[in-house]
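So the structure is just underneath, and the comments pick up after that.
The values are calculated or read from the model by the stated rules, or taken from the named source; none is laboratory data. Given the structure is predicted, the values throughout are model-derived calculations rather than measurements. With ideal geometry, Cβ positions are generated from the backbone for all residues, glycine too; neighbour counts draw on all protein chains shown. Just so you know, the surface numbers come from the protein's heavy atoms only, side chains and all, with ligands and any DNA or RNA stripped out. Shrake-Rupley method; radii C 1.70, N 1.55, O 1.52, S 1.80 Å.
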Amino acid sequence: MFVEPTQREHSLAGCVTGFEQARRAPGGLDFSITAVIDPGRINIFERWDSQQAVTTFRGSGPSQEQSAVMLAASVSEYAVADARSLT
């Protein structure tokens, strides 16, 4: 997601509660927020055990407060059939 660079720290702080809830939600497997080099960019990663779990948790999407500070967002969903450890 992209936010005004001056709002990034505030936006990151606003994500914490939602990620704490997601980690406790049924089907929630992994969640992380990464503030990268670009000062107005926040990368969010979520991993769920099923489509139903993410749909139930997501509901209607981001809060009004989150939507108000977003300049743009790109959301992609991937269906992974198999995974293997590289370590």
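As I understand it, the dipole of the chain uses +1 on the Cβ of Lys and Arg and -1 on the Cβ of Asp and Glu, about the Cα centre. Which of Q7, A73, F19 lies farthest toward its positive end?
About the Cα centre, the residue reaching furthest to the positive side is F19.
Give me the orientation-averaged projected area of the Cα convex hull of the chain, in nm², one decimal.
On the way: hull surface 27.0 nm².
For the chain, averaging the hull's shadow over all directions gives 6.7 nm².
Can you send over the carbon and sulfur percentage of the accessible area for the chain, probe radius 1.4 Å, protein chains only?
Accessible surface attributable to carbon and sulfur in the chain totals 53 percent.
Solvent-accessible area per residue for the chain at a 1.4 Å probe radius, Å²?
77 Å²
Treating the beta-carbon of each Lys and Arg as +1 and of each Asp and Glu as -1, no other charges, what is the dipole magnitude of the chain about its Cα centre, to the nearest 20 debye?
With only Lys, Arg, Asp and Glu charged at Cβ, the dipole is about 120 debye.
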